[in-house]
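Here the structure is laid out as structure tokens; the discussion comes afterwards.
Every number here is computed from the coordinates shown, using simple stated rules; none is lab data. Worth saying up front: this structure is predicted, and the values here are computed from it rather than measured. Here the Cβ is made from the backbone with ideal geometry for all residues, glycine too, and neighbour counts use every protein chain on show.
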Amino acid sequence: MKFKGMSVLVCAAALALTFGCGDSGSDSPGIFTTLASWVAGAAGIDPALIIAPAAPSSLNATVTSAFTADISWTDNSNNETGFKLMRQRGTGSWVMAANLGANVTAFTDPALKGAKTYNYRVMAFNTAGKSAWSNTISFTTPGLLPIASPSSVGGAATGSRSIHVTWTDASNNESGFRVEMETASVWSQIAQVGMGVTSYDATGLVPNSGYRFRVRAYNSAGLSDYGTSAIISTDPDTTPPSAPVLTATAATQTRINLSWTAATDDYQMSEYRVYREGSYLAATPLSTRNYADMSVPSPALDTCYIVDSRDTAGNLTPSNEACAYTTGLSSGFTVSTIMPFGGLITATDGQYFFVNVLHSSTAGGGAAAQLMDTHGKPVRSLSRADSGGGMNGIVWTGSKYLMAWSDDNLYTGKVMA
């Protein structure tokens, strides 16, 4: 027997419409649906164009948590385009849980809530239409158990500005933990960490200071009670600041100007302190990085300075030593030149000097001459207690200065070669 294409299409459609796509009360494709599919196939026509798919069956659910369930079913058609899985919470409206492709028979629904009743049903569909609904299933998700409070809150300092906080996880249903710290009698949350995490590093703290910490667990049902709290102290600050770089410049015979670069500290700087030849002169605030020494001792040779940088913990770091030779002083005396009290001359290497220290009063007293290096540090001293005495034997072996003076400030000195 020979059929035209249109005749076959009409026949197949008539079979499907007259007898339905499945036998009543059966989850399997009916004989007439199968026959219609066979007729359409014999004519080279896609059955999905004229025949709706058979309804899925054996819908089932496995609840896996308060928030998830695995849904599965049996695919009874061979011409579906896909499946539409519908969900209803309680007696509310049906909403689509998933729109799935052909031959898919399972879906994990992650959008549930604890202690709620859900209903599910599924249908197959193609371009010809929709199947009947599957069986409907119903289940109730478990409620969330109370969250146990974390215990054994403690920890230890990991430096002058950090603390490692620890606790014991006493629950098995938390989503995470919230860490709080008390500052000035006010609690504030400083961190939120994930499930199973049992430590946190608090940073940016003040050295040598105590902090109180507490921790509680949380999930979508709410918060646990606080566990124990603990007071933990940071370490003292023992790290000194960086060293400033000091420069000294002579301005006049009795003034030397100092300036230095800014120092840095791992926590907080306090001040700078200025020293001249080891003796304290002054302290300056952080905003002031210069100092004018207006009382340079006279007679002056090289005058040397150091500036300390200090932090709030008392740690300090000295600068380099910077020296300056004040201007306007007598120098370069010639032979047989009278040298006033406190005067000095510069000698060349190997030069021999005879020093005659004279006094201008009849008062008794000592006189002295001193050989110094270029920084004003004594190298060799000669003295004579009688008036008008001579001091011999000073021989330079390098670049040095000779200074003559008396202990009663009344003497003048004479330097002769």
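General remarks:
- Karplus-derived 3J(HN,Hα), 6.51/-1.76/1.60, for each residue of region 260-271, Hz, glycine and proline x: 8, 7, 6, 9, 10, 9, 6, 10, 7, 6, 10, 6
- Taking ASP237, ASP201, ASP75 and counting other C-beta atoms within 10 Å, the order from fewest to most: ASP201, ASP75, ASP237
- Placing a label point 7 Å from the Cα of ASP225 along the Cα-to-Cβ direction, the residues of region 131-152 whose backbone N falls under 19 Å from that point are 145-152.
- Amide hydrogen neighbours beyond the local backbone of TYR211, cut-off 5 Å, H modeled: ILE232, SER233, THR234
- Neighbour-count order for VAL274, VAL63, fewest beta carbons within 10 angstrom listed first: VAL63, VAL274
- Our summary gives region 246-325 a relative contact order of 36 percent, counting only alpha carbon pairs under 8 angstrom and 6 or more residues apart.
- Relative packing of peptides 308-318, 220-230 - highest average C-beta neighbours within 10 Å first: 308-318, 220-230
- Electrostatic dipole magnitude of region 102-227 [Cβ: Lys, Arg +1; Asp, Glu -1; Cα centre; debye, to 20]: 360 debye
- Shape of region 246-325, Cα gyration tensor, a/c cut at 1.5: prolate
- Annotation: amide H of GLY176 within the under-5 Å range of TYR218, sequence separation 5 or more or interchain, hydrogens built in the peptide plane.
- C-alpha center-to-center spacing [region 179-235, region 110-166] in angstrom: 26 Å
- Extension gain for ASN78-MET294 works out to 67.3 nm (0.36 nm per residue, less the C-alpha to C-alpha distance).
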